Amino acid sequence: MMSISEAITTIKKAENDADKLLEDAKRESSEMKENTIEKTKSIIQKSKDEAHEETGGIISKAEEDAKRETSQISIKADENIKNTKNQATGKIDEAVGIIVKNIL
């Protein structure tokens with residue numbers, strides 16, 4: 001049978017072991033938390049970078065599309081101006097003829 005002194009020593013050792021296990025668990029928990037925070041920050045930054053790259057591509061494509069559309073509109077406007085000018089020139093000759101007939 002164990003003496004009281006041995007029992008107290010065993011209990012004290014068990015308490016010390018429990019305290020050590022608790023300290024180790026706290027340390028490991030803290031390390032895991034720090035690692036998780038770092039990994040999370042890395043994932044967030046990577047996601048932001050990827051989103052930024054994708055956004056840049058979308059903006060570039062939109063700019064290219066806008067330039068192409070602007071060019072097409074400009075060409076069409078030039079054609080419309082040319083047609084209107086030709087029609088106006090034809091009507092000037094007609095108007096001059098009418099004025100000459102009426103005045104003379």
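Spacing of the modelled spin labels on ARG68 and GLU53, each 7 Å from Cα toward Cβ, amounts to 2.4 nm. Estimated from helical segments only, the mean residue ellipticity of the chain at 222 nm is -37000 deg cm²/dmol, where each DSSP H run of four or more residues counts as -39500 (n - 2.57).
Write down, largest first, the equivalent ellipsoid semi-axes of the range 47-96 in whole Å, where each equals the square root of 5 times an eigenvalue of the alpha-carbon gyration tensor.
Over the Cα atoms of the range 47-96, the ellipsoid semi-axes are 48, 5, 4 Å.
For a straight C-alpha distance cut-off of 26 angstrom, the lysines reachable from LYS39 (same-chain residues fewer than eight places away being disregarded) are LYS26, LYS48. Would you please classify the overall shape of the chain from the alpha carbon gyration tensor, given that a ≥ b ≥ c denote the square roots of the eigenvalues, rounded means a/c under 1.5, and beyond that prolate means a/b larger than b/c while oblate covers the rest? Taking the square roots of the gyration eigenvalues as a ≥ b ≥ c, the chain is prolate. Taking 27 Å as the straight-line reach from the Cα of LYS82, the lysines in range (excluding those fewer than 8 positions away in the same chain) are LYS67, LYS91.
Multiplying the residue separation of ILE43 and ILE8 by 0.36 nm and subtracting their alpha-carbon distance yields 7.4 nm.
No lab work stands behind these numbers, since they all come straight from the coordinates. Predicted, not measured: the structure shown is a model, and the values here were computed from it. Cβ: placed from backbone, ideal geometry, glycine included. Neighbour counts: every protein chain shown.
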